[in-house]
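Here is the structure we will look at.
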Amino acid sequence: MSETARIILDGKEYELPVIVGTEDEKAIDISKLRSASGYITIDPGFKNTGSCKSAITYLDGENGILRYRGYPIEQLAEKASFLEVAYLLIKGDLPNQKELDWFVNSITKHTLVHEDMKRFFEAFPTDAHPMGILSSMIASLSTFYPESQNPNRSIEDVELTMHRVIAKLPTLAAQAYKNNMGHPVVYPNNGLSYTENFLQMMFGLPTEDYKVNPVVNDALNKLLILHADHEQNCSASTVRIVGSSQANLYSAISAGIAALWGPLHGGANQAVIEMLETIKNDGGGLQKWVDKAKDKSDSFRLMGFGHRVYKNFDPRAKIIKKAADDVLDALGIDDPVLEIAKELEAVALKDQYFVDRGLYPNVDFYSGIIYRALGIPTDMFTVMFAIGRLPGWIAQWKEMVEMGEPIGRPRQVYTGANDRNYVDISNR
Ligand code: ACO
């Protein structure tokens, strides 16, 4: 017999179904609770609330497990290419060679962006944050491809939109960077792989051939794979909820980029390096900062430490820590900020406050370190995260559409003023 939960409200008992996932995760289904009892549940930050059933990513925060479509993240990061992982997330299975060739060719064909978009870049201030530019640019793609706005579009049209956004995001990101630097834009080179092409658009010049460093390219491939999906995080939930109103995919992804920007989410990788630089410039040693992070009257937190779901270790952090060491060795980088990172990690990991709360370095503690070593400027770090996370957002959006999920619209418990009469302004 299947398990149920019982709840007693105002002396009346209600039986609620229990849903069990393929990894034995259990959830109480409260979808009929309000209509039966008048009660809703409340859970700020959705810490105990499942918003959907999903077959994309499995994450066990207690045991540090992360799998995309059943494949362990460690194996994918070691063996796969980023576009192979994108295919896996979106389509559900690893592609065979023919399927991968089709996917890669189609994405490669769409790397150029409409020349009219150049005028948008001209209008942004030169020091505009690239995440603001990227979010606006991706939303504006919907105006160049108006067919994407039709919620009843064909499967082929939807597929084309997905390929376009995967193809164009790196082009727009690199253009945002070049704009910021005052450098000429480097056009995509469709003879290169996805990651190589991004590196040449970022670091190449129209006047010379750009040579891709394989160590840098491998590290980038790994980083993008590690960020490719993370089930119902803040930005993925945002993409699903925006998409649930049948807004087009470009707009939903643009909203996902906006959600990712915040320092408590994707913006943490930028915040980590800024924090390390502050610590270095302060010159007062590390303990002071660890103490500040522990002090409840001080809003300072150790950026790159802690995670909503990983309370033992972040499996991505393990892989990326090794990649960071390899990259620093291979590139022969000796950077005092990176030394501070290592020392801070050692101090915090021994400190009882961090041990008691299960606060460990998360993926973004190390990803910022690698991006810095690769020469990517700090305010582009979150952009790199967005490029990595894009297939996950698309997969989450597609699943939401295919499952026919209703529009996302939570309830609330109202705590404001009771009914009162309007008072004329002269009597207030
Ligand atoms: N530094 C100091 N104390 C911390 C930190 C930190 N980085 N993170 C959590 N804590 C403390 C909290 O003060 C709280 O202490 P208390 O129990 O004494 O009140 C306890 O640890 C639990 O923290 P919560 O904020 O309740 O945990 P939550 O799951 O809500 O937050 C979050 C997770 C937002 C990631 C948090 O750890 C944080 O702010 N970290 C720094 C920002 C960061 O690195 N974000 C990147 C996340 S990874 C990603 O998005 C890919």
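Among residues other than G392 with Cβ under 9 Å from its Cβ, the summed charge is -1 (Lys and Arg +1, Asp and Glu -1).
Protein heavy-atom surface of the stretch 56-407, 1.4 angstrom probe: 52% of the accessible area is carbon and sulfur, with nucleic acids and ligands not counted.
Taking only alpha carbon atoms, the stretch 240-295 gives an Rg to Rh ratio of 1.28, where Rh is the Kirkwood radius. L328: net charge of surrounding residues, Cβ under 12 Å, Lys/Arg +1, Asp/Glu -1, itself excluded? It works out to a net charge of -2. Each of H307, G38, M275 was scored by the projection of its Cα onto the charge dipole of the chain, and the greatest displacement toward the positive side belongs to G38; charges sit on the C-beta of Lys, Arg, Asp and Glu. When you restrict to C-alpha pairs under 8 Å that are six or more residues apart and normalise by the size of the stretch 238-310, the relative contact order lands at 21 percent. Note on the chain: Kirkwood radius taken over Cα pairs, Stokes-Einstein applied at 4 °C and 1.567 mPa s, translational D equal to 55 µm² s⁻¹. For the chain, the relative contact order comes to 20 percent (Cα pairs under 8 Å, sequence separation of at least 6).
Students often forget the sequence filter, so: which lysines lie under 28 Å Cα-Cα from K98 once same-chain residues fewer than 8 apart are removed? List returned: K79, K109, K168, K222, K398.
Per the Kirkwood formula applied to alpha carbons, the stretch 192-336 shows a radius of gyration over Rh ratio, Rg over Rh, of 1.02.
Across all directions, the average flat footprint of the convex hull enclosing the Cα atoms of the stretch 1-91 is 8.5 nm². Given +1 at the Cβ of Lys and Arg, -1 at the Cβ of Asp and Glu and no other charges, the dipole of the stretch 56-407 around its Cα centre is 420 debye to the nearest 20. Quick check: the distance between the Cα centres of the stretch 411-428 and the stretch 288-344, to the nearest angstrom? Value for the Cα centre distance between the two parts: 48 Å.
Given K288/K342; K288/K350; K280/K311, which pairs have Cα atoms separated by over 21 Å? Beyond 21 Å between Cα atoms: K280/K311. Excluding ligands, DNA and RNA, the accessible surface per residue across the stretch 129-265 is 38 Å² with a 1.4 Å probe. Whats the longest run of the chain with zero GluC sites (Glu not before Pro) that are DSSP loop and have at most 12 other Cβ atoms within 10 Å? No qualifying site falls inside 116-428, the longest such stretch. Between the residues W397, A348, T378, the greatest Cα displacement towards the positive end of the dipole of the stretch 56-407, with unit charges on the Cβ of Lys, Arg, Asp and Glu, is found for W397.
Using a probe of 1.4 Å, the accessible surface attributed to R308 totals some 130 Å² when neighbouring protein chains are kept in position. Taking every DSSP beta bridge that has both residues in the chain, what percent is antiparallel when rounded to the nearest 5? Antiparallel bridges: around 100 percent, rounded to the nearest 5.
Only one residue of L220, S254, V337 has its Cα farthest out toward the positive end of the dipole of the chain, where Lys and Arg carry +1 and Asp and Glu -1 on Cβ, and that residue is S254.
The values are calculated or read from the model by the stated rules, or taken from the named source; none is laboratory data. Please read these numbers as outputs of a predicted model, since none were measured by experiment. Because the Cβ atoms are built from the backbone with ideal geometry, glycine has one as well, and the counts that use them run over all protein chains shown. The protein model used for the area step is the full one, side chains on, heavy atoms only, and it has no ligands, DNA or RNA in it. Shrake-Rupley method; radii C 1.70, N 1.55, O 1.52, S 1.80 Å.
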